[in-house]
Structures are given as C-alpha cells and as structure tokens.
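Asks: The structure is given below, and queries will be raised subsequently.
The values are calculated or read from the model by the stated rules, or taken from the named source; none is laboratory data. No experiment lies behind these values; they were computed from the predicted model shown. Cβ placement follows ideal geometry from the backbone for every residue including glycine, while neighbour counts extend to all protein chains displayed. For the accessible areas, the whole protein counts, side chains as well, though only heavy atoms, and no ligand, DNA or RNA atoms are used. Shrake-Rupley method; radii C 1.70, N 1.55, O 1.52, S 1.80 Å.
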Amino acid sequence: MTFAPRRLFFALIVVLALVIPTVVALMLDSGSAAPPPPSADGAGATAPPTGGSLGPNVVVFDPAMSQASIQSQLNLIANSQGSNEFGTDRYAILFKPGTYGSAADPLVFSVGYYESVAGLGQNPGDVVVNGSVNVYNQCVGGNQSQCYATTNFWRSLSNLTVNVAGMTGCYADTDVWAVSQAAPLRRVRINGNLSLMDHCTGSPDWASGGFIADSEFTGGAVTNGSQQQFFTRDSSLDGWSNAVWNQVFCGDTGAPTQSFASNSGDNGGPSSYTTLATCPVTREAPYLYLDASGHYRVFVPAQQTDSTGPTWAHGDTSGTSLPLSSFFVVRPGATVGQIDAALANGENLLVTPGVYDLPSSIRVTRADTKIVGLGFATLVPTSGNVTMTIADVSGVNVTGLIFDAGTTASPALLQVGTPGSTVGHAEDPVSLDDIFFRIGGATAGTATTALIDDSNDSLIDDAWIWRADHGTGAGSWAGDRSDTGLVVNGDRVTATGLAVEHFQKSETVWNGQHGEVVFYQNENPYDVPNQSAWRASPTQNGYPAFSVADNVTSFQGYGMGSYSNFDQAAGNQGSAVHNAMAFQAPHTPGVQFHDLLTVFLNGTGGIDSVINGTGGAVGQGSAGPKDVVSYP
C-alpha cells in the first residue's frame, strides 16, 4: 500500500452514504478549532533516556510524574517519529498502573512510526488515560487534497483504557486511529467514539485495513469510514458504522450481522460484512506488565477455542505469568552468539527497541520459549542467512517483531518447524502474533520466501508480509526480489488477520491439510514489467494471490480479498498485465471459500476471475468489487 492516489470508486460513495451522520456534520464544521495533526518539524529529535534497565528507547511513565513532563516527552517522540517511515529509531512507551490526565486536563497525544504504546497493568483497566491517543492522516507536501492514512504502518496501542476527552471541533469526542497494516489495537477499552479514518485533516482520507483484538468499545460507535478492509476479533462492540469492501468479524459481541452478497460493495448493495459468531483457535499475544510488588513480568495468555469477546471481560485473562529474570533482555549491540547462548541456557528473549544486524540465524530449539519484541524491534540478516529458525517443538511464542530482508538473498526470514513433520502441537501450538515482514522499503533486501510454516497446529495472528511498493529497492521488478510471502506446509494451521502483498509469484502457498484463514488481504505486485515476465505457466497469466495445493482435501477460508494495480509508472512498459485468477484451489467439497472478492484499483489490465475462473473480471471500466459468496 502506498500514498499514490488510488481509485477507490465505491469507497468514497460508501463513506458518503453510510458513515454515521455525525461524521458528515463534523466534516462540515470547517470553522471549528480542531487540534492540528502531528508535526514532523522535530524529525531529528530524540527522546530522553528514561527506560532504565530496558534500554534508552523504552520510555516508562509513572502517574506521579507531572503531566506537563509526560506530555512534553510524548510530543517529542511523536514529532520525531511522525515521518520516520523507514528510519531506525524505535520506541516502547509504557505507562505504569494509574490514571493519566483528567476531564479538565486531558492527556492527548499522537503515535508515529515504530511506537508501541502499552499499559503495564495486568488488565486494561489498570492504566487509564483520560484524553485521546491518535493517529492522523499524512498530507503529501502539506497539500490538503493529498491526505491519506494508507502508509500509517508499524505502531500499536495495547493494554489500557482510554476515556475519550480533550478533542474539539471536527475531532470532538473522538479518538482517531487512522491506520493501515501493522498497526494493531490489542487489549484496549475505548470509552467513547473511535474513528478508523481521519476525516478532518484534508482529503481523500483513504485508509487500508487494520487489526483489533481482545478489546472493548463502549459509549460510542466505531467509525470504519474509508477503511477498505478491517479485521476485528474477540472484542465487544457498541456499533460499527459501515463497510467498504471487506470487513471481517470473528467472535465479536455486538458485531454487524453477516451480509456479504454477490453485489456487496456496489452502490446500493448490502454491506460486505463477514461475521463468524466464534473464532476458531486463538492465543492472545504475550505482554509485559508490573506485578503488585512493582516487578516486571511477562504474561502469556492461554489458548482459546471457539472464543467470543475479550479475555478479560469477566476477570483476569487466563494464562501464565513469567518473571523477567527468565528473559535475556536483548539490547542493541547484542550478538547472535549471546542470544543463542541464552536460548540454549533455557532463557526467553525480550527484544528491546532497535535494529539488529544478524550474520547468522537465531535458533530456537526449546519448547515454550517466549520471544517478545518491544517497540517494533527489527531483525535483519546480513549474510544470506535465515533470520530465525524454530525447531519442531510446542508452545513457542513470537510477538512484536519486524523481519527485514537483507541485501544478500536469504531462503527465508523465519522458518518454523521441520519439513514433513507429523508431530502434533494442538495442546500447545506455536503462535506468531503481530509479526511483520518486509522485502525492501528500509533496505534493498531480497529473500525467496518471507515466512515458511512447517509446524502443525500453529497459529498466525496479525501478520503483514510485504514486498515493498515504495521505499528503498521498490519500484523495480529487479529491485526487492522475492517470490512468495508465506508458505504453509503444516497441517491444521490457523491464520487470523493475514495480509500478504506484492510478491512476484504465488503470494501465499497453502500446502497443509485442515487449514483455516479468517481474513486475507492482498495486492498483486505493482511493478510487473510485462505479461511474459509474469506467468504461472505458458497458459496461465499471472500468479494467484492465494494458492491451495492440488493434494489438499480440507481447507476453510473466510473474508478474503485481492486487488490489482499494475502500474505503468513502475515499469509496465505500456502493456496490459492480467492475472487469470486471484485464488486458486482444488475443486473438491472439503476445500471451501466464503466471501471472496477482487477489485481493480488502477493501472493496466486487471484480474480476470476471482477463483478458478469463477467470478467476474475487474479492470478498466469494471473496477468491481467482484464477489463470490461461496466456492465451490
């Protein structure tokens, strides 16, 4: 996803027609004194080193601190990170249990790139912010007609309560979280209105998908607005304003009723809501907190089956608490040898904010190892190595990390399990939460595959796997090389909230039996030079965004979309590029898809069918969406 203007067609129609009337009224209130969006003027500033033993880029606030001091530090970091899309600075911003701000003097701040903001209580009610925590549009060159949220990536908010206050004018009584991929909301309670679009800072206000889990929203609706797609899981909702192309709900109380139809997304058509009453198998992400004695611990939530609503709705989340003494605290400058030695010694890893160059693989061989990243800690292989390998063991958790490709080609960035293993891990699966992969963008990197999952019963929850469409190495077919984003070989693998974009061959390859995917978002590569360079076979144009192997007899997919933007400016040489099908799978009763769609965004050519030749074509003159309610 990029800032380049996108032809969102029905998105703007839907927003005008369906977004709750108060939003329209607010948009007309142009004379009101709205708070300005964050400034990037302080891009060279750095935050004070207040993190203590967790390193200088872990900023810990205490309710005893003056609000002026807290506000000043938050503003300093936001100004530094507001335009730092591919920079190296990273921050974990942590709030000790207590209350921050008040109705009379609210704490209002914004969140920029590589900021993970979290409460340090055991439950979200232990940290209360009276105010607002916001992400706004970015306006290209300050042009108020070029304002987007489509690249608001790599930031998060978790484990606290926000009593919305302090927002005035167009933003009155609303917390704004205008984000796209890799920007999760987890374990939050928002008391008041939440808007997933910034309808106040210029236009056209586009946004491109996000992730909410284990959260509660009271006292106001969630405004989806221009969000093309969004995934919400195991949460409690007071209302949801509208859909554009693909809104998926899994185990959410108060979610909209299932309404995806063959004309969803069309003007006058029903909302494109995919709603599952329960979520199949989940395990919430581990998180850092302070116990009653003020000691750091890491809480590891228990696995759930057929879950509904927040884990903390009726008391403490079920799970296991681990002392910080069981973790090797990885700080910038740590070597792979030190990390592997700690793992071999039975320690877990707490990876503090930073960018880590790794000339050899981090090897995880012990069952139940916990690897927790703070502040979007980023791992980069420097010798063509796999960044991290996980043996065929149970119970490993990996959360909160970015895996960047290095300049020397790696066969994979993360390898989980052992190829061909028949060992089951259903009682204690490997879980990968809030993990993000980049080929290009920050580094002109290359990798054959980003993530290979050979672990049976594993869980993938909130993963964005991205071959960059802008930034370093992007924009050239020969630049950020990578065939495939995700290969799943394990059986009974469940993915919830999965986005894989722009890879050069089949973007997701699913070889395992009994797999399940709830929400999938994809864009085909922009920079295909011509049709002859992009064919799965001599008779098949393009590559599927999601491919299920011919020998698979059991699979379930829900709420899955793929879009095209074959961009002449990125090297198409004026030729029309086509993809024969967005989804490809064996035509067998046990392999089932529900609520599939394709959309033509811009450029040349398009996608000729939704799945296996079924579903209409999208292209110039017929942008879609084209919907398939069920297959076969």
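Asks: Are any residues in the stretch 545-604 of a type in the set (Asp, Glu), open to solvent by 10 Å² or more (accessible area, probe 1.4 Å) and at pLDDT 95 or above, and if so, which ones?
Replies: The one that is of a type in the set (Asp, Glu), open to solvent by 10 Å² or more (accessible area, probe 1.4 Å) and at pLDDT 95 or above: ASP550.
Per-residue answers, yes or no, for (1) in contact with a helix residue (DSSP H, G or I) (Cβ under 8 Å, 6 or more places away or on another chain); (2) among the β-branched types (Val, Ile, Thr); (3) not in a strand (DSSP E or B):
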position	(1), (2), (3)
PHE260	no, no, yes
GLY268	no, no, yes
VAL281	no, yes, no
ASP316	no, no, yes
SER321	no, no, no
PHE328	yes, no, no
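Asks: Please determine whether any residue of the stretch 224-238 is more than 20 Å from MET167 (Cβ to Cβ) and open to solvent by 10 Å² or more (accessible area, probe 1.4 Å).
Replies: Yes: the stretch 224-238 contains one or more residues that are more than 20 Å from MET167 (Cβ to Cβ) and open to solvent by 10 Å² or more (accessible area, probe 1.4 Å).
Asks: Which of the strands (runs of 3 or more DSSP E) contained wholly in the stretch 350-447 include at least 1 residues that are over 21 Å from the mean Cα position of the chain (by Cα)?
Replies: Values: elements: 355-358, 362-364, 370-381, 388-390, 397-404, 410-416, 431-439.
Filter on the stretch 350-447 gives 355-358, 362-364, 370-381, 388-390, 410-416.
Asks: Scan the stretch 175-192 residue by residue and report those that are at negative phi, buried (at least 24 other Cβ atoms within 10 Å of the Cβ) and touching a residue at least 60 places away in the same chain (Cβ under 8 Å).
Replies: Here is the first cut: in the stretch 175-192, the residues at negative phi are 175-181, 183-186, 188-191.
Those still in the list that are buried (at least 24 other Cβ atoms within 10 Å of the Cβ) too: 175-181, 183-184, 186, 188, 190.
SER180, GLN181, PRO184, ARG186, VAL188, listed by residue number.
Asks: What do you reckon, is ALA450 open to solvent by less than 10 Å² (accessible area, probe 1.4 Å), farther than 19 Å from VAL372 by Cα and out of contact with any Lys or Arg (no Cβ under 6 Å at 6 or more places or on another chain)?
Replies: yes
Yes or no, residue by residue, for (1) at pLDDT below 95; (2) over 30 Å from ASN159 (Cα atoms):
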residue: THR317; (1), (2): no, no
residue: ARG331; (1), (2): yes, no
residue: ILE339; (1), (2): no, no
residue: VAL351; (1), (2): no, no
residue: GLY354; (1), (2): no, no
residue: LEU374; (1), (2): no, no
residue: THR378; (1), (2): no, no
residue: ALA409; (1), (2): no, yes
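Yes/no matrix, rows are residues, columns are (1) open to solvent by 30 Å² or more (accessible area, probe 1.4 Å); (2) under 21 Å from VAL380 (Cβ atoms); (3) in contact (Cβ under 8 Å) with a residue 24 or more places away in the chain; (4) not in a loop (DSSP other than H, G, I, E, B):
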site: ILE460; (1), (2), (3), (4): no, no, yes, yes
site: ALA463; (1), (2), (3), (4): no, yes, yes, yes
site: TRP466; (1), (2), (3), (4): no, yes, yes, yes
site: TRP477; (1), (2), (3), (4): yes, no, yes, no
site: LEU486; (1), (2), (3), (4): no, yes, yes, yes
site: THR496; (1), (2), (3), (4): no, no, yes, yes
site: VAL500; (1), (2), (3), (4): no, yes, yes, yes
site: PHE503; (1), (2), (3), (4): no, yes, yes, no
site: PHE519; (1), (2), (3), (4): no, no, yes, yes
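Each row is one residue, and each column tells you yes or no for (1) open to solvent by 10 Å² or more (accessible area, probe 1.4 Å); (2) part of a strand (DSSP E or B); (3) among the hydrophobic types (A, V, I, L, M, F, W, C); (4) over 16 Å from MET197 (Cβ atoms).
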residue: GLN122; (1), (2), (3), (4): yes, no, no, yes
residue: VAL128; (1), (2), (3), (4): yes, yes, yes, yes
residue: ASN134; (1), (2), (3), (4): no, yes, no, no
residue: GLY141; (1), (2), (3), (4): yes, no, no, yes
residue: GLN144; (1), (2), (3), (4): yes, no, no, no
residue: THR150; (1), (2), (3), (4): no, no, no, no
residue: SER158; (1), (2), (3), (4): yes, yes, no, yes
residue: GLY166; (1), (2), (3), (4): yes, no, no, yes
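Asks: What is the residue count in the stretch 373-410 for residues that are of a type in the set (A, V, I, L, M, F, W, C), touching a residue at least 40 places away in the same chain (Cβ under 8 Å) and either crowded, with 24+ Cβ neighbours inside 10 Å or touching a Cys at 6+ places or on another chain (Cβ under 6 Å) (or both)?
Replies: The total comes to 8.
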